[in-house]
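Novice: Got a structure for you, written out below as structure tokens; questions coming shortly.
The values are calculated or read from the model by the stated rules, or taken from the named source; none is laboratory data. No experiment lies behind these values; they were computed from the predicted model shown. Ideal geometry is used to build each Cβ from the backbone, glycine not excepted, and the neighbour counts take in all protein chains shown.
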Amino acid sequence: MTPHATPGRHVLADFRGVPADRLTDAQALERDLIAAAQAAGAHVLSAHFHHFGEGAGVTGVVLLSESHISIHTWPEHAFAALDIFMCGAARPELALEHLQARLAPEAVHATTVARG
């Protein structure tokens, strides 16, 4: 690795104003995050999602060869926190774009951090 190269990029994103029904369906969120990983050129190893009950949110993670994508949702606040970390040729910004299209937030605040 050269002194200025970075092994990975880490996108931290807050989605605000997300319709509540998109934040409570663990199976749909799992499909969306897997599709986002694939859109970014990443390779899915496994996924685990947990719904916290009627009207409550979901926590989920997709484990990638290139690292991970995770989501934590709060439907009562129309909010989702996303963590997209990828290394190699995978493009986390493409995963973010895919998830924006699927979850339809009114506002997005995203920060990209070079890791390494």
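Novice: Ala104 is checked against (1) within 16 Å of His10 (Cβ to Cβ); (2) aliphatic (A, V, I, L, M); (3) more than 13 Å from the chain's Cα centre (by Cα) and fails just one. What number does that condition carry?
Specialist: The single condition Ala104 does not satisfy is (1).
Novice: Against the definition (in a strand (DSSP E or B) and surrounded by 16 or more Cβ atoms within 10 Å (Cβ to Cβ)), how does Ala37 come out, yes or no?
Specialist: Values: in a strand (DSSP E or B): no; surrounded by 16 or more Cβ atoms within 10 Å (Cβ to Cβ): yes.
The answer is no for Ala37.
Novice: Mind checking which pairs have a first residue in region 41-54 that is over 15 Å from Ile71 (Cα atoms) and a second that is among the hydroxyl-bearing types (Ser, Thr, Tyr) and modelled with pLDDT of 95 or more, Cβ under 9 Å, 6 or more apart or different chains?
Specialist: Pairs found: Ala42/Ser65; Ala42/Ser67; His43/Ser65; Val44/Ser65; Leu45/Ser65; Glu54/Thr24.
Novice: Looking at region 71-86 only, could you name the residues that are at negative phi and either part of a helix (DSSP H, G or I) or surrounded by fewer than 22 Cβ atoms within 10 Å (Cβ to Cβ) (or both)?
Specialist: Pass one, region 71-86, residues at negative phi: 71-77, 79-86.
Those that are at negative phi and either part of a helix (DSSP H, G or I) or surrounded by fewer than 22 Cβ atoms within 10 Å (Cβ to Cβ) (or both): His72, Trp74, Pro75, Glu76, His77, Phe79, Ala81, Asp83, Phe85.
Novice: For region 14-35, give me each residue that is of a type in the set (A, V, I, L, M, F, W, C) and in contact with a Pro (Cβ under 9 Å, 6 or more places away or on another chain).
Specialist: Going residue by residue through region 14-35, those that are of a type in the set (A, V, I, L, M, F, W, C) are 15, 18, 20, 23, 26, 28-29, 33-35.
Of everything in region 14-35, those that are of a type in the set (A, V, I, L, M, F, W, C) and in contact with a Pro (Cβ under 9 Å, 6 or more places away or on another chain) turn out to be Phe15, Val18, Ala20, Leu23.
Novice: Of the residues that sit in region 1-25 and are in contact with a His (Cβ under 9 Å, 6 or more places away or on another chain) and acidic (Asp, Glu), which one is surrounded by the most Cβ atoms within 10 Å (Cβ to Cβ)?
Specialist: Out of the qualifying residues, it is Asp25.
Novice: Just checking, which of Ala56, Ala89, Ala42, Ala28 is among the small types (Gly, Ala, Ser), surrounded by 16 or more Cβ atoms within 10 Å (Cβ to Cβ), more than 12 Å from the chain's Cα centre (by Cα) and part of a loop (DSSP other than H, G, I, E, B)?
Specialist: On the way: Ala56 fails: surrounded by 16 or more Cβ atoms within 10 Å (Cβ to Cβ); Ala89 fails: surrounded by 16 or more Cβ atoms within 10 Å (Cβ to Cβ); Ala28 fails: part of a loop (DSSP other than H, G, I, E, B).
After applying the criteria, what remains is Ala42.
Novice: What tally of residues in region 1-22 results from selecting those that are in contact (Cβ under 8 Å) with a residue 60 or more places away in the chain and under 25 Å from Gly57 (Cα atoms)?
Specialist: 11
Novice: A further question follows. I want to confirm something. Restricting to region 92-107 and keeping residues that are surrounded by 16 or more Cβ atoms within 10 Å (Cβ to Cβ) and in contact with a Phe, Trp or Tyr (Cβ under 8 Å, 6 or more places away or on another chain), which single residue is farthest from Ser46 (Cα to Cα)?
Specialist: By that ranking, first place goes to Pro105.
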